[in-house]
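Structure record follows, encoded as structure tokens.
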Amino acid sequence: MITQITQQQNTPVKLLLVYPDYTEGDAYNKSYGGNYSEGLASISASVKSGGHDCVLFHLLYDYSEHEFKNKIKDFDCDIIGFSIRTTIFNSCKKLIKWTKEALPDCFVFCGGYHVTLVPDEVLETDGVDAVMVGEGELPTLEFCDKIKSGEDYTDILSMYFKMPDGSVKKNNIMPLLEDLDKLPIPDFNLFDYKNLEAAKIKTAIVMMSRGCLFSCTYCGNSQFRNVYPNKKKYTRFRSAENALKYLETLLELYPGIEYISFRDSIFNSYPDWFDSFIELYKNKINKPFTCNLRLDLLTEETVRKMKEAGCYLIDVGVESGDYEIRTKYLKRMMTDEQMINAFNWFHKYGITTLTYNIIGLPHENLSKALKTIKLNVKLNPDKIIPNIFYPYPMTVLRDIAKEAGFLPDIIPADCRVPLKQDNFKEHEVLYAANYFMKYIKRYRRCEKLPKFIGKPLEKYYDFVFTGPLTPRKFLVWWSDRKKNIYKSMRSLLINKTPGLYLKIRNRRLKNMQR
């Protein structure tokens, strides 16, 4: 049953946004600073543009029940919105329950990626009064406006409500805002910005766009666009001039920022926009930056312009080195040659490169994972991140895994390898992920040796990686111990001695670019 909002008419609304900013695996490790969320900052700016107030409860770890209840009471808000990711949904259920126990009359609604993919599942959660599907700026502002004016708010587009009679009212989805320039500049001050993990190392996380042109089967974007009636307008960028205003506003607020990290899905989606923006950026901002690119949209001229404007690091999704998996299952229609050519340009212009790779994909095995390692050897990136596949709700690749019988009915919160495949067992997936970089270094050494030595040594490493004699379970346990020590040291450096961390990082980047 929906919680009735009791609000004095014509009084601005105070909205509390709850942001669980941790993973289930790290839930009990108290961290520092946390991460910036563009979506929450943008919602806050929209709400404040209507004369309302918005504050943030930034959860950096899994609070105890007593601690959480006392804290949430202190905010004294009219409505509470939870930002929910798939991998934190179980924790959010507990937090919502505690919220209702501490504040029985509060109105709780939920938004975020997970809600957009499976709104009915979230709405069934005890304590949830409504969910918001899709982008939240305009629906949230309208919600606050109607509460203020005393109007019926249960007809707001993009929102589903639990009604007093126990039924659910599902409103149509609001069309995408096609012109991002109509949004206010995000409310960066919603966060304790100077103490965010990125800001401590003088870096700003920014986004100039929404959406993605492509439909990779493992990514939520393949389904997010289908939510909207104007889905053909799913990929949008702020105008080059408005994007510049965004950055100038941020840098005026926080002049200590020295690096910009563009977190757009694909920064080079539209060449005309890119050319206009990069010229403005070079002339007006001119700070070192990093971004994500799509290699099959790339030209050498684009790489040259990025280098001139200050690009020091490129992030690229390689995902899989097995051509069948990459094209048949991931729907990433790019060849090894396209990727190799692009990386040759990055090396030519001295731009550091980082690749994202996925291990544990449906129908993968150790031999196919080895192809991903060997493709990275050919690309010769400076940094490499292997991620273990997670089957996000409503994605095509999740359906593929389900149909093949690889997906259990319930994925435990602390599960490291979600798929259960006879041909790629859990400890084999963990071994491939944990020792990914080690094997790349081994194969690189093979390339430098004379062929009569390098080729036999390469075959020996192939056998160790895929063969039956390797003690993978023990090696995974050992690498986990070392990895935890490294993560703790990195977090300590960033949060306690950020200046030292920057010196070490910058020295490494210079060595990579030589």
Within segment 310-363, count every residue that is hydrophobic (A, V, I, L, M, F, W, C), closer than 26 Å to TYR259 by Cα and touching a strand residue (DSSP E or B) at 6+ places or on another chain (Cβ under 7 Å). 9
For the subset of segment 264-309 comprising residues that are part of a loop (DSSP other than H, G, I, E, B) and either touching a Phe, Trp or Tyr at 6+ places or on another chain (Cβ under 6 Å) or open to solvent by 70 Å² or more (accessible area, probe 1.4 Å) (or both), which member is farthest from LEU379 (Cα to Cα)? ASN286
Of everything in segment 245-263, what is within 23 Å of the chain's Cα centre (by Cα), more than 14 Å from TYR193 (Cα to Cα) and part of a helix (DSSP H, G or I)? Give them in sequence order. TYR246, LEU247
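Does LYS194 satisfy being in contact (Cβ under 8 Å) with a residue 60 or more places away in the chain, touching a Phe, Trp or Tyr at 6+ places or on another chain (Cβ under 8 Å) and open to solvent by 20 Å² or more (accessible area, probe 1.4 Å)?
Numbers: in contact (Cβ under 8 Å) with a residue 60 or more places away in the chain: yes; touching a Phe, Trp or Tyr at 6+ places or on another chain (Cβ under 8 Å): yes; open to solvent by 20 Å² or more (accessible area, probe 1.4 Å): yes.
Judged against the criteria, LYS194 is a match.
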Would you be able to say whether some residue in segment 51-71 is surrounded by 22 or more Cβ atoms within 10 Å (Cβ to Cβ) and among the hydroxyl-bearing types (Ser, Thr, Tyr)? no
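Would you mind finding the one in ASN357, ASN387, ASN380 that is open to solvent by less than 10 Å² (accessible area, probe 1.4 Å) and touching a residue at least 12 places away in the same chain (Cβ under 8 Å)?
On the way: ASN387 fails: open to solvent by less than 10 Å² (accessible area, probe 1.4 Å); ASN380 fails: open to solvent by less than 10 Å² (accessible area, probe 1.4 Å).
It is ASN357.
Taking the stated definitions as given, is ALA342 more than 30 Å from PRO468 (Cβ to Cβ), crowded, with 21+ Cβ neighbours inside 10 Å and in contact with a helix residue (DSSP H, G or I) (Cβ under 7 Å, 6 or more places away or on another chain)? Working first, answer last.
Values: more than 30 Å from PRO468 (Cβ to Cβ): yes; crowded, with 21+ Cβ neighbours inside 10 Å: yes; in contact with a helix residue (DSSP H, G or I) (Cβ under 7 Å, 6 or more places away or on another chain): yes.
When the stated conditions are applied, ALA342 passes them.
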So for segment 355-362 (the condition being part of a helix (DSSP H, G or I) and farther than 30 Å from LYS305 by Cβ), does at least one residue qualify? no
Log entry, pairs with first residue in segment 321-347 being modelled with pLDDT of 95 or more, second being polar (S, T, N, Q) and open to solvent by 10 Å² or more (accessible area, probe 1.4 Å), beta carbons closer than 8 Å, six or more apart or on different chains, reads TYR323/THR335; PHE343/ASN380; HIS347/ASN380
Select, from ASP145, ASP181, ASP165, ASP120, the only residue that is in a loop (DSSP other than H, G, I, E, B), open to solvent by 20 Å² or more (accessible area, probe 1.4 Å) and either out of contact with any strand residue (DSSP E or B) (no Cβ under 7 Å at 6 or more places or on another chain) or of a type in the set (S, T, N, Q) (or both). ASP165
Every pair of residues 6+ apart whose Cβ atoms lie under 7 Å, when the first sits in segment 427-444 and is among the hydrophobic types (A, V, I, L, M, F, W, C) while the second is modelled with pLDDT of 95 or more and part of a helix (DSSP H, G or I): LEU430/VAL476; ALA432/LEU366; ALA432/ALA369; PHE436/ILE373; ILE440/ILE373; ILE440/ASN376; ILE440/VAL377
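The values are calculated or read from the model by the stated rules, or taken from the named source; none is laboratory data. In this text, all values refer to a predicted model and were calculated from it rather than measured experimentally. Backbone-built Cβ (ideal geometry, glycine too); neighbour counts: all protein chains shown. Heavy atoms of the whole protein, side chains included, go into the accessibility calculation; ligands, DNA and RNA do not. Shrake-Rupley method; radii C 1.70, N 1.55, O 1.52, S 1.80 Å.
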